[in-house]
Amino acid sequence: MAGADGDDSLYPIAVLIDELRNEDVQLRLNSIKKLSTIALALGVERTRTELLPFLTDTIYDEDEVLLALAEQLGNFTMLVGGPEYVHCLLPPLESLATVEETVVRDKAVESLRKISQEHSPVDLEVHFEPLVKRLASGDWFTSRTSACGLFSVCYPRVSSTVKAEIRQHFRTLCSDDTPMVRRAAASKLGEFAKVLELDYVKSDIISLFTALASDEQDSVRLLAVEACVSIATLLPQEDLETLVMPTLRQAAEDKSWRVRYMVADKFSELQKAVGPEITKNDLVPAFQNLLKDCEAEVRAAAANKVKEFCENLPEDNREQIIMTHILPCVKELVSDTNQHVKSALASVIMGLSTILGKDNTIEHLLPLFLAQLKDECPEVRLNIISNLDCVNEVIGIRQLSQSLLPAIVELAEDAKWRVRLAIIEYMPLLAGQLGVEFFDEKLNTLCMAWLIDHVYAIREAATCNLMKLVEKFGAEWAQNTIVPKVLGMANDPNYLHRMTTLFCINALSEACGQDITTKQMLPVVLKMSNDQVANVRFNVAKSLQKIGPVLDSNALQTEVKPVLEKLATDTDMDVKYFAQEAISVLALA
């Protein structure tokens, strides 16, 4: 019996080994995903002595299997016996951190970073730190790139001698011959700087930052810009001018548009990191240049930051800086040749009105909004309309209403259905801001026209829009303006439009309340139960199920029940099914 027990306990590892050697990738992948179950079955001792060595030896597989393995090992601490044995996980992860596929290496590094926290300071120096050194001095660039992500997690918890070695290794990797390694080092520079003592940030990191920011490869230089944000937040104000700003000025005028794009993209973060004085003297001119850049991508990235940049300017002279330096550039961008630039600007420009106040908005920004509302690109017009609430707070929407209307009408009839869909979604917001009289006079017909659009998604959104409008303007308004028009569509020759009537009734019944639903909507639904088209009939059953809870029991028993019973004996399968479902949901059986 004991022998049988022994064989039993070997069974999971035997299955695993078989499956891991199977030709079918999917089987191998499933086996890796069950690793934790297998480790539990084996117990901590055998997981350490048999399973991990086996896994370390078999790391020659498809990338997706290796990716799953790298992920699993990050959660294995308890399965090898807890933190005191966590170093047993290092050999397989070290192998995974050197494979060719980037995704696998990144996952292995992520798992290593995770388990580094579970090492005691002694184990960190004895086991983890030597692994980092081996990776950092590996022959292949793959292991050296992986090492870059591990310095910052072990640095804070090791002795000063080891710290000096780690700094030296990082310095070496920053000037590695392979661009991929320098790129990895540049991407981790800010993170590494955060765990270093301030003196070493000044003595080591700044020189590395300067070197990486003037690297021959633009892909390295642009990552140095990201590090700039972290480094600037660490340094005292008085050191920024000498240590960081020369490099940042150079990056903002870099010959590669990708680097300039990165500066524009990180501009708000840089602005917060360097503080108000440097912003005023250095960043304002740099921002102007980025807004006028010869590359459209850079202009678009900078345009995206206009509102944030202006918000974060020092309050005492914010208005003066915007009016004299930023606004002239913004005016030029309104008529930019590239639609992405105009679209980026349109999504933030409305936010300037809250910063500049009523008079400046009317005098300087209003003409720009109006110009953008007439832009030939639908995205630009849409972005302006979707941000109207900012302007409404400052000057009231009436100032814009005359130009708004043609823009809304054009978008509502745009050939692209997605543009039509987007404008429908803003309708309740617009209605709330323009008021009920203006809405009835100018926009009501549009909302009704969408109900008979040839694209179903538009008809569906238009139905939902009506419900939101009724919630905003009330049941009485619905009874006078919307309900008669919706019910009128019940006699439309096109069955799709007749079905839209039912969808509208479903959406409106709750908002309109019992009285209107029973007296005006219910008779129309019941009449449509005799429709020639089965799709309409089964939607009648679905509608009755939906509006049933709004009706009183008398109407349900005397009017709804006979119709549903008739539909339950219909010749069409679907009509029968939905009628029976409605009967059981409304408990009319």
Report summary line: In the structure shown, of 163/202; 485/576; 255/307; 527/576; 519/561; 133/266, the pairs separated by more than 21 angstrom at the C-alpha atoms are 485/576; 255/307; 133/266
Query raised in the report: To the nearest 10 degrees, how steep is helix 456-473 against the longest Cα principal axis of the chain, on a 0 to 90 scale?
Result: 80
Query raised in the report: Going highest first, how would you order 228-235, 282-289 by mean Cβ packing within 10 Å?
Result: 228-235, 282-289
Query - Computed [θ] at 222 nm, deg cm²/dmol, the chain (DSSP H ≥ 4; -39,500 (n - 2.57); rounded to nearest 500) - result: -20000 deg cm²/dmol
**Report entry** Reported label for calculated percent of Cα pairs over 36 Å apart given (i) 42; (ii) 57; (iii) 61
**Finding:** (iii)
Query raised in the report: Which whole-number percent is the relative contact order of segment 250-359 (Cα, under 8 Å, 6+ apart)?
Result: 28
Query raised in the report: Helix 267-278 versus the longest principal axis of the chain: what angle, 0 to 90°, nearest 10, using Cα atoms?
Result: 70
Query raised in the report: Angle, helix 495-512 long axis vs. longest principal axis of the chain, Cα atoms, 0 to 90°, nearest 10?
Result: 80
Report task. Can you tell me how much longer the chain between residue 534 and residue 515 gets when fully stretched, taken as 0.36 nm per residue apart minus their C-alpha distance, in nm with one decimal? Result -> 3.9 nm
Report summary line: In this structure, among 305/442; 442/546; 468/542, pairs with alpha-carbon gaps over 29 Å are 305/442; 442/546
Query raised in the report: Please state the relative contact order of the chain as a whole percent: Cα pairs under 8 Å, 6+ residues apart?
Result: 5
Query raised in the report: How would you order 373-382, 32-41 from highest to lowest mean count of nearby Cβ atoms within 10 Å?
Result: 373-382, 32-41
Query raised in the report: To the nearest Å, what is the center-to-center distance of segment 482-537 and segment 197-213, using C-alpha atoms only?
Result: 72
Query raised in the report: Quick one: which of 569-576, 459-466 comes out on top by average Cβ neighbours within 10 Å, and what's the full order, highest first?
Result: 459-466, 569-576
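Readers should treat all values here as calculations from the given coordinates under stated rules, not as data from a laboratory. Just so it is clear, the model here is predicted, and its values are computed rather than measured. Cβ sites come from the backbone with ideal geometry, for glycine too, and all protein chains shown count toward neighbours.
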